[in-house]
Every structure is written in structure tokens, then in C-alpha cells.
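J.: First, the structure itself, so that you have it in front of you.
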């Protein structure tokens, strides 16, 4: 039996809106919080906010174009588009279909997946399966969120966390030992109500009363998510390293989901990763959910921090709760 090629990152890209909303700006909105409180508990100082008129698909396309350019790949060469998002342009059709149209791609499968902050990892694992099987040669995976429009800006437990942005990667078969070494994905539906947007689906229609009660906005049981994140990000990350038959000290960089600096610290401390190996941009962009990992990855590649053949560990947990990890030789 022929050995299937690994799935390699051919190019990455990201997009962040120009508008910055600082912690002080949130204070001025009348939220009962302070810059010091936010920084001490989350590590966040500011986040990006999309302007009126900008759509989730617009940000996705901007990131995708940069990834395609970095990958030296034409739109016509794409075989599939996967978009991870919980803030689509509309409930139907998939944002991926709109991204396809805006990019000018023709007659390829395009679909959204909803794994919240773990969306990029889930998308990566799907692309990996298609490419390793030989069914697809070039897959565009996008993580994109326009969270500023689903945040309750009077709820200090959530509004301080989230920002807008998009990250993308073009994936294809590798011709050497570079590529995805392992992935794993998981969901525990018993915690589904710990992080959710109640209204907008078949469970609850958005009526004037529901909108007034902010049930069409993000709600979170912070302690549930914190505990689940520390436990599951550690286990998924360790499983990814073990599956590749490697040791933690062989990992060059950790690119964790930028949810909360305290979560990142606890997970990486438990796995004994040195601080200098753990990459972060949470101070400047906050939590961009499914866009978090690809934004940080692209920034780190373009700055030259992550170099070809470096081994990179990625991990994320989001609503569902869903989580996962991937180990990649870049």
C-alpha cells in the first residue's frame, strides 16, 4: 500500500479590522470594569472591531487572498473551502459559499463548520483527511469571526474578551517530512449551555422581548469554561505530541487559542513548555474565536519567528464544548 503524503501548510494569511477598542473604551461604554481588572484576569488590552457594513465573508476573503498569495496558489487551483465560524453572514447559505463567489472560485465544495473557538482545528483535521486520502489537492481553511455584533456590551464577563478578525491557510500534499503530524478533536455536549447564544435558531426565535433580554448575544459560565479548557487543552495537546511519537521538548512553538492568558499559562505550565516557546497576541487582539490560531500563526510566520521545519503545537477549546489539537512541522 502506498504511503499517503502528509498535509502541508502551503501559505497563511490574516486580516484584522483597523478600528481598535481598548479597555478604557469599554469603561467609557459604562461597563462595570476597569483596564486593570481586564488585564489582570485576561491579559487583554485591546481588540479589533469591524466597521458597519463589513461582513464576516469580507474578512474571510481578505485573509484568504493573503494565504493564496503566500501559497503561490491560484483560486482556480482550490478543490475545497472550509470556513469555521459562529458568526456567518446569514443562517443560509454557508458563508463559505459567499467566500467562494467573492474569490471567484467555481464548482468546488464549500461549507461552514461550527465549533466556535476550535473551528480552525476542526477545519484543519477535515482538510487533512481529504488531502491524505488523495481526494483533494488544495484546501482553503478559514477561521473568521465578527463577534462584536453578538456580544452583550453590558456584560463584563464576555464583552471584554472578544474581537473581530480572520485567519486562513492553504493546505496541500507535502513532498517531504513537513506537514501535519497529528490531530485530534473532541466534543462534550454536557457543557453545551456553558457557552452559547440561545436565540436565533429553532430553540428560540428572536422576538423583540428576546432581543431586549440579550438572549441573542453570547452568554458564558466562565468557571465551567475555564476548568474545561485547562483540563482538555492539556490532554489534547499531550495526545497530539504522543500520537506523533515525539516528546514535549521537541516542540519548537506552542500556538494556543487566545482565550485567556491565565488558561494559556496553566496549560503550558502543566506541560512544562518554557514561556519563550509559547506565542501570544491576546494583548492586542483579544479572543477572536476560530480566527485566533490562524491569525497568530500567520503573524508568527511573517515575522520570521516560526521558521520552516519548526514543530508547532496548536490547541483550542470553544463552545460545545469542543476542543482539539494539531502538531505540525511547518
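Read-outs throughout are calculated quantities, based only on the coordinates presented, and are distinct from any laboratory measurement. Predicted model only: the values in this text are computed from it and were never measured. Glycine also receives a Cβ, built like all others from the backbone with ideal geometry; neighbour counts cover every protein chain displayed.
J.: Ranking request for peptides 275-284, 123-132: highest mean number of other beta-carbon atoms within 10 Å first, then the rest in descending order.
T.: 123-132, 275-284
J.: Follow-up. Of the peptides 322-328, 296-302, how do they stack up when ordered by the mean number of other Cβ atoms within 10 Å, highest first? Could the numbers behind the result be given before it?
T.: Values: 322-328: 27.4, 296-302: 21.4.
Packing order, densest peptide first, comes out as 322-328, 296-302.
J.: Also: To the nearest Å, what is the center-to-center distance of the range 280-330 and the range 34-79, using C-alpha atoms only?
T.: Their Cα centres are 12 Å away from one another.
J.: Sticking with this structure for a sec: Using a 7 Å offset from the Cα along the Cα-to-Cβ direction at both residue 133 and residue 41, what is the distance between the two label points in nm, to one decimal?
T.: It works out to 4.5 nm between the two label points.
J.: Which of 122, 162 has the fewest other C-beta atoms within 10 Å, and how do the rest follow up to the most? Could you put the intermediate results ahead of the total?
T.: Details: 122 28, 162 23.
With the fewest neighbours first, 122, 162 line up as 162, 122.
J.: Return the distance in nm (one decimal) between the two label points of a simple spin-label model at residue 22 and residue 269, each offset 7 Å from Cα along Cα→Cβ.
T.: 2.9
J.: Still on this structure, I have one more. If I stretch the segment between residue 90 and residue 175 completely, what's the gain in nm (0.36 nm per residue apart, minus their alpha carbon distance), one decimal?
T.: Details: separation 85, 0.36 × 85 = 30.60 nm, distance 3.90 nm.
So the chain would gain 26.7 nm between residue 90 and residue 175.
J.: In a Gaussian network model over the chain where Cα atoms closer than 10 Å are linked, find which of 53, 189, 84 has the largest mean-square fluctuation.
T.: 53
J.: I've got another one for you. How high is the relative contact order of the chain, in percent, counting Cα pairs under 8 Å that sit 6 or more residues apart?
T.: Numbers: 795 pairs, mean separation 84.2, N = 330.
In percent, rounded to a whole number, it is 26.
J.: Give me the angle, in degrees from 0 to 90, between the Cα long axis of helix 261-270 and the longest principal axis of the Cα atoms of the chain, rounded to the nearest 10.
T.: 40
J.: Follow-up question, since we're still on this one. Normalise the Cα radius of gyration of the range 7-176 by 2.2 N^0.38 Å (N = residues in it) and let me know the number.
T.: Details: Rg = 17.4 Å, N = 170, 2.2 N^0.38 = 15.5 Å.
Output field value: 1.12.
J.: I want to make sure I understand the PRE zone here: with the label point 7 angstrom from the Cα of residue 245 toward its beta carbon, which residues in the range 302-330 have backbone N atoms less than 17 Å away?
T.: 327-329, by backbone N distance to the label point.
J.: Counting other beta carbons within 10 Å of each residue's own, what order do 310, 89 fall into, fewest first? Provide the component values of the computation, followed by the final result.
T.: Numbers: 310 16, 89 19.
Starting with the residue having the fewest Cβ neighbours, the order is 310, 89.
J.: For the Cα atoms of the chain, what angle does the longest principal axis make with the long axis of helix 56-70, in degrees from 0 to 90, nearest 10?
T.: 30
J.: Okay, next question. Would you mind checking the tilt of helix 222-243 against the longest principal axis of the Cα atoms of the chain, expressed as 0 to 90 degrees and rounded to 10?
T.: The answer is roughly 0 degrees.
J.: What's the exposure ranking of 290, 194, 154, going from fewest to most Cβ atoms within 10 Å? Write out the running numbers ahead of the final one.
T.: Values: 290 34, 194 19, 154 13.
Taking fewest neighbouring Cβ atoms as first place, the list is 154, 194, 290.
J.: Based on the alpha carbons, how large is the Rg to Rh ratio for the range 1-102 when Rh follows Kirkwood? Could you put the intermediate results ahead of the total?
T.: Numbers: Rg = 18.6 Å, Rh = 16.7 Å.
My calculation puts Rg/Rh at 1.12.
J.: With only alpha-carbon atoms counted, please give the Rg and Dmax of the chain, in Å.
T.: In Å, with Rg to one decimal and Dmax whole: 18.8, 64.
J.: Taking only the alpha-carbon atoms of the range 204-252, what semi-axes of the equivalent ellipsoid follow from 5 times the gyration tensor eigenvalues under a square root, in whole Å, largest first? Mind dumping the intermediate values first?
T.: On the way: eigenvalues 335, 25, 12 Å².
The answer is 41, 11, 8 Å, longest axis first.
J.: Next question. Please give the per residue volume of the convex hull enclosing the alpha carbon atoms of the range 181-329, rounded to a whole number of Å³.
T.: Numbers: hull volume 18.0 nm³, N = 149.
Per residue, the Cα convex hull of the range 181-329 comes to 121 Å³.
J.: Still on this structure, I have one more. Tell me, how many Å apart are the Cα centres for the range 91-123 and for the range 249-279?
T.: Answer, in whole Å: 29.
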